[in-house]
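**Q** Next up is a structure, given as structure tokens.
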Amino acid sequence: MPEPTPTYTAFLDDARIAHGTLAEVAVTVRHANDGQPVLIFDDTTGQQLDLDTRGTDDEIRRRYAPADTRRGRGRPKLGVVPREVTLLPRHWEWLNKQSGGASAALRRLVDEARRANGADQRANTRAAHEAAYRFMHAIAGNYPGYEEATRALFADDRVRFTEQIAHWPMDVRTHAMKLAFASRNAD
């Protein structure tokens, strides 16, 4: 499956004013910014960004256009990305004797390990919580219930988190929820 296009969100005070690609957000910010500070966040990491919104809309779009990601070997339509794996000869011998060959055996081993320990889900949950925390720290650090919301976030207590942010401005609350629980909403 191809990588999703990264998205970004901009806030002016407590209101969300833009959401989309970096180029789209930058152009919107240019037109919305009358000298007031605009906060722009990476929706994957929650990191705050500073953008250069000088110039024309076309110049800004070119500046923040996604890099050309031409693919080499692999099966891009299937989402296969070529990588290099270094194994000892005895490992290659064992893999080559497996049903379907080395690649199929490696895929089965990785899938089995993922199911066995749930590490991917835990890592996704942790990354989502950290992204939400970064966003909340930047925009909602002075809001009532911020500290309790942070505790609930890292305790993975969605109910308590929702209760603590219930009185925050709608756009901030919605974005915090989206970031905090994104890993489970995508499943």
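**Q** Could you check the stretch 129-163 and list, in sequence order, the residues that are crowded, with 17+ Cβ neighbours inside 10 Å, among the aliphatic types (A, V, I, L, M) and within 25 Å of Ile40 (Cβ to Cβ)?
**A** Correct list: Ala131, Ala132, Met136, Ile139, Ala140, Ala149, Leu153.
**Q** Being at pLDDT 95 or above, assigned to a helix (DSSP H, G or I), surrounded by fewer than 16 Cβ atoms within 10 Å (Cβ to Cβ) and among the hydroxyl-bearing types (Ser, Thr, Tyr) is the requirement here; does Thr174 meet it?
**A** yes
**Q** While we're here: Would you list the strands (runs of 3 or more DSSP E) that sit entirely within the stretch 3-70 and hold 2 or more residues that are surrounded by 17 or more Cβ atoms within 10 Å (Cβ to Cβ) and touching a Pro at 6+ places or on another chain (Cβ under 9 Å)?
**A** Ranges flagged: none.
**Q** Right, something else. Within the stretch 110-143, restricting attention to residues that are more than 22 Å from Asp171 (Cβ to Cβ) and of a type in the set (S, T, N, Q), which residue is modelled with the highest pLDDT?
**A** This residue is Thr125.
**Q** Name the pairs: first residue in the stretch 24-52 and under 21 Å from Tyr133 (Cβ atoms), second residue acidic (Asp, Glu) and in a helix (DSSP H, G or I), Cβ to Cβ under 7 Å, at least 6 apart or on different chains?
**A** These pairs meet every condition: Gly46/Glu130.
**Q** Do we find a residue being among the small types (Gly, Ala, Ser), touching a residue at least 60 places away in the same chain (Cβ under 8 Å) and under 20 Å from Arg16 (Cα atoms) anywhere in the stretch 112-134?
**A** For the stretch 112-134, residues among the small types (Gly, Ala, Ser), touching a residue at least 60 places away in the same chain (Cβ under 8 Å) and under 20 Å from Arg16 (Cα atoms): present.
**Q** Another question about this same structure. Which residues, counting only those in the stretch 140-171, are of a type in the set (Gly, Ala, Ser) and either over 21 Å from the mean Cα position of the chain (by Cα) or not in a helix (DSSP H, G or I) (or both)?
**A** Gly141, Gly145, Ala155, Ala166
**Q** Right, here's the next one. For Arg107, only one of the following conditions fails: (1) modelled with pLDDT of 95 or more; (2) part of a helix (DSSP H, G or I). What is its number?
**A** Exception for Arg107: condition (1).
The values are calculated or read from the model by the stated rules, or taken from the named source; none is laboratory data. Values in this document were obtained by computation on a predicted structure and should not be read as measured data. Cβ atoms come from the backbone with ideal geometry, glycine included; neighbour counts cover every protein chain shown.
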